[in-house]
Amino acid sequence: MVLRGEAFLERVQERGEYGTRQEAERAARVVLALLGAHLVGEVRAELAACLPETYALILLNPLEAAEPLSPERFVRATAAWIDGATEETATWDIGAVLSVAADAAGDELMNEILLQLPAGYDLLFGRPKAI
């Protein structure tokens, strides 16, 4: 399911309980730019195809990453890129954005995405794996 730009931001704003669209947009841009650095090949392209064009381009032109970040380091990196953010608020931002992206991606693609990421990202996407 491809989400249109306004619908995507509306869902991020709702899940993140942001007061403004700008807050939701800021979170979406940072989180997707960082995520894009950790996904490669068809998986990244398939996720991009599920997102509105603006956010697909951000995912496809990511921030540089020297190595895959653990979920904890991903949270710290997000906090570093968002003015005034703490690790707690960054975790909230990540959950708002990635849960909407996960809904758009669907279960099959999400399984492929999680295979490319270090253990623990399932929680960031709001899709904890059953033990």
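The values are calculated or read from the model by the stated rules, or taken from the named source; none is laboratory data. Keep in mind that what you see is a predicted model, and the values were worked out from it rather than measured. Every residue, glycine as well, gets a Cβ built from its backbone with ideal geometry; the counts of neighbours run over all protein chains shown. Accessible surface is based on the protein model in full, side chains and every heavy atom, while ligands, DNA and RNA are left aside. Shrake-Rupley method; radii C 1.70, N 1.55, O 1.52, S 1.80 Å.
What the table below lists for this structure:
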read-out	value
Shape of segment 26-78, Cα gyration tensor, a/c cut at 1.5	oblate
Charge sum, other residues only, whose C-beta stays under 11 Å from Arg127's C-beta, Lys/Arg counted +1 and Asp/Glu -1	-2
Span from the segment 106-131 Cα centroid across to the segment 44-87 one, whole angstrom	15
Solvent-accessible area, 1.4 Å probe, carbon plus sulfur percent, for segment 68-131	57
Fraction of accessible area attributable to carbon and sulfur, segment 2-55 (%, probe 1.4 Å)	45
Values of log10 I(q)/I(0), in the order q = 0.13, 0.14, 0.19, 0.20 Å⁻¹, for the chain under a Debye, Cα-only, solvent-free model	-0.45, -0.53, -1.05, -1.18
FRET efficiency, Asn61 to Arg4 (Cβ-Cβ, R0 30 Å, nearest 0.05)	0.90
Extension reserve of the Glu14-Glu42 stretch, reckoned as 0.36 nm per residue once the Cα distance is removed	7.1 nm
Segment 1-40: C-alpha gyration tensor shape, a/c 1.5 cut-off, then a/b vs b/c	oblate
The chain, accessible area per residue, ligands and nucleic acids excluded (1.4 Å, Å²)	53
Cα-centre dipole for the chain with unit charges at Cβ (Lys and Arg positive, Asp and Glu negative), debye to 20	60
